[in-house]
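Chemist: This is the structure, below, for whatever I ask next.
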Amino acid sequence: MLAERYLPWSTLFWLGLALYAIAAPRVRSVRRELAAAALAIALAVALYPSQCWWAGWAAAVYRSNQASAVAAQMDIHDPARFPDGLDASADDVRRTLAMMRERRLSMFGEPGHALWASGWRPPVTLMPPQPGLWLRMDEGFRDDAGRRVVRVEGVLPRRSAMHHDRLIVFVDAARTLRGMAKPTFDDGENGSLHFGASQRRGFDGYLVEPKRGESFDLLLVDPATRAVLARYPLPAADVP
């Protein structure tokens, strides 16, 4: 049987063996090699639609996983990310995340979680803000601690793509850490076959207790040195 989620890998394995069997014999045969090449090209053409579909599916799963990870790092139980169902109840999810946090597993072993848990603050003097940030917020929800939490999604300017392993954080005018985000999706200009991390300018995250009229900055932070790499003001109209 072929599990649906692993279908591309198992199929590629058997197709690879078939191509190897055609071209592998010691006696060189131009006809056999041409047949193997023609088969490989025909398969690539025939499987292109399914490749695009599965690439899109993988991108959607990646985005969901990244957004769930940043919610867990900030100790936010987002009902949209952690639904209460028969397969995983809300209580089971909370207990599992608590054990992972205690053991510093998965997303809790990442620099982003350490930054959030430490109450990091940026330097007093920051570089001038740069334009070009696209950002959208929703109406928000109340988390388990009673905080008003707003989901945030946006796209960084193209010049920011050079920071492959950047941390994305939100700070208020008093330089207090108020939110985080993770790169989650491609900018949409490279097609479904390209998922280079350097092109993931789209991000998803959360902002805690935003108030109308507050100003926030998005900062790109180096995970090793915690130095601020870039600063982008959040559009004032987007702060609910």
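The values are calculated or read from the model by the stated rules, or taken from the named source; none is laboratory data. This structure is a prediction, so every number in the text was calculated from the model and none was measured. Backbone-built Cβ (ideal geometry, glycine too); neighbour counts: all protein chains shown. Please note that ligands, DNA and RNA were not included when accessible areas were found on the heavy atoms of the full protein model with its side chains. Shrake-Rupley method; radii C 1.70, N 1.55, O 1.52, S 1.80 Å.
Chemist: Computed over the Cα atoms, what is the radius of gyration of the stretch 18-139 divided by 2.2 N^0.38 Å, N being its residue count?
Modeler: Values: Rg = 24.7 Å, N = 122, 2.2 N^0.38 = 13.7 Å.
Dividing the Cα Rg of the stretch 18-139 by 2.2 N^0.38 Å gives 1.81.
Chemist: Highest mean first, what order results for 96-109, 39-52 on Cβ atoms within 10 Å? Let's see the in-between values first.
Modeler: Details: 96-109: 14.0, 39-52: 11.9.
Ranked from most to least packed, the peptides come out as 96-109, 39-52.
Chemist: Any chance you could run the full-extension gain for ALA60 through LEU43? It's 0.36 nm times the residue separation minus the Cα-Cα distance, nm to one decimal.
Modeler: On the way: separation 17, 0.36 × 17 = 6.12 nm, distance 2.53 nm.
Gain on stretching ALA60 to LEU43: 3.6 nm.
Chemist: Work out the FRET efficiency for ARG121 and THR96 from their Cβ-Cβ distance, taking R0 = 30 Å, and round it to the nearest 0.05.
Modeler: On the way: r = 31 Å, r/R0 = 1.03.
So the FRET efficiency works out to roughly 0.45.
Chemist: Could you tell me which residue out of SER68, SER29, ALA40 lies farthest along the dipole of the stretch 1-159 toward its positive end? Charges go on the beta carbon: Lys and Arg +1, Asp and Glu -1, centred on the Cα centre.
Modeler: SER29
Chemist: Right, here's the next one. With a 1.4 Å probe and all protein chains kept in place, how do ASP217, ASP75 rank by accessible area, largest first? Write out the running numbers ahead of the final one.
Modeler: Details: ASP217 25, ASP75 100 Å².
Of ASP217, ASP75, the descending order of accessible area is ASP75, ASP217.
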